[in-house]
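In what follows, a structure is listed as structure tokens, so that the remarks can point back to it.
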């Protein structure tokens, strides 16, 4: 039996959360009274953070729009805090009217339903996107980007280190896509896979998703799934059929 080694301390969810708090402090120092709040969203908020495959997703609400110097100064200080964790930070931000910045539809829902407060001066909330708005969003850029990734990944001859994370995400993405498409909500990978297993996917597709989830949770090596990369086309077809069916109604 192979020996299980402990991951470095910086790979834990606690370490990622602690770093996110430091980043929130940097934004507070930079923005002062302009800052409404800084929050965890994504896998750290859902409880599914895995260092090898997860980003440190953060939401920032500012009373006024941010400018390039704001990002330059905070990003530079963030890199000095941790050269390992800084590149993992994915910041979603907007202003008090929720009309500026980078705060896509699903991240708004994640913020509404799952946010974890890191720092808050006042709680500002956007209107909840409707199911129709969720579907319009999903069938545009997210579907196009996933389609391009499916084409790129299935054409690979070998799974290189830099493609391990994108490949695993590409396999698991249809579970989250279908969950949000049908419910208008956002869920963790574990919840989304369980949902589509109960009411959506056939046994063959579910087997692939279940094994991908095991890889994401650190139990198996994602390279074991690489010979089945052609099945990404089947998963993509299932998602596009859901889109087409909704358009026909």
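Which members of segment 54-70 meet the condition of being within 21 Å of residue 188 (Cβ to Cβ), in contact with a strand residue (DSSP E or B) (Cβ under 7 Å, 6 or more places away or on another chain) and not in a strand (DSSP E or B)? Selection gives 55 alone.
Annotation note: of 105, 94, the sole residue that is closer than 20 Å to residue 20 by Cβ and outside the structural domain of residue 213 (by TED's automatic domain parsing) is 94.
So for segment 129-137 (the condition being within 30 Å of residue 33 (Cβ to Cβ) and at pLDDT 95 or above), does at least one residue qualify? Let's see the steps before the verdict.
The initial filter retains those residues of segment 129-137 that are within 30 Å of residue 33 (Cβ to Cβ), namely 129.
From what's left, at pLDDT 95 or above: 129.
Yes, the conditions are met somewhere in segment 129-137.
Taking segment 51-70 as the range and being surrounded by fewer than 17 Cβ atoms within 10 Å (Cβ to Cβ) and under 24 Å from residue 112 (Cβ atoms) as the test, the residues that pass are 55, 63, 64, 65.
Yes or no, residue by residue, for (1) in the same structural domain as residue 108 (by TED's automatic domain parsing); (2) surrounded by fewer than 17 Cβ atoms within 10 Å (Cβ to Cβ); (3) within 23 Å of residue 115 (Cα to Cα):
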{"residue": "166", "(1), (2), (3)": "no, yes, no"}
{"residue": "172", "(1), (2), (3)": "no, no, yes"}
{"residue": "178", "(1), (2), (3)": "no, no, yes"}
{"residue": "182", "(1), (2), (3)": "no, no, yes"}
{"residue": "188", "(1), (2), (3)": "no, no, yes"}
{"residue": "196", "(1), (2), (3)": "no, no, no"}
{"residue": "205", "(1), (2), (3)": "no, no, no"}
{"residue": "221", "(1), (2), (3)": "no, yes, no"}
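Of all the residues that make up segment 29-53, how many are assigned to a loop (DSSP other than H, G, I, E, B) and at pLDDT below 95? Explain how you work it out, then say what you get.
Taking segment 29-53 as the starting set, the residues that turn out to be assigned to a loop (DSSP other than H, G, I, E, B) are 41, 47-53.
Checking which are at pLDDT below 95 leaves us with 47-53.
Going through segment 29-53 one residue at a time, the tally reaches 7.
Screening the candidates 73, 109 for the property of being out of contact with any strand residue (DSSP E or B) (no Cβ under 9 Å at 6 or more places or on another chain), surrounded by fewer than 15 Cβ atoms within 10 Å (Cβ to Cβ) and in contact (Cβ under 8 Å) with a residue 40 or more places away in the chain yields one hit, 73.
The values are calculated or read from the model by the stated rules, or taken from the named source; none is laboratory data. Small disclaimer: the values here were computed from a predicted structure and weren't measured. Cβ sites come from the backbone with ideal geometry, for glycine too, and all protein chains shown count toward neighbours.
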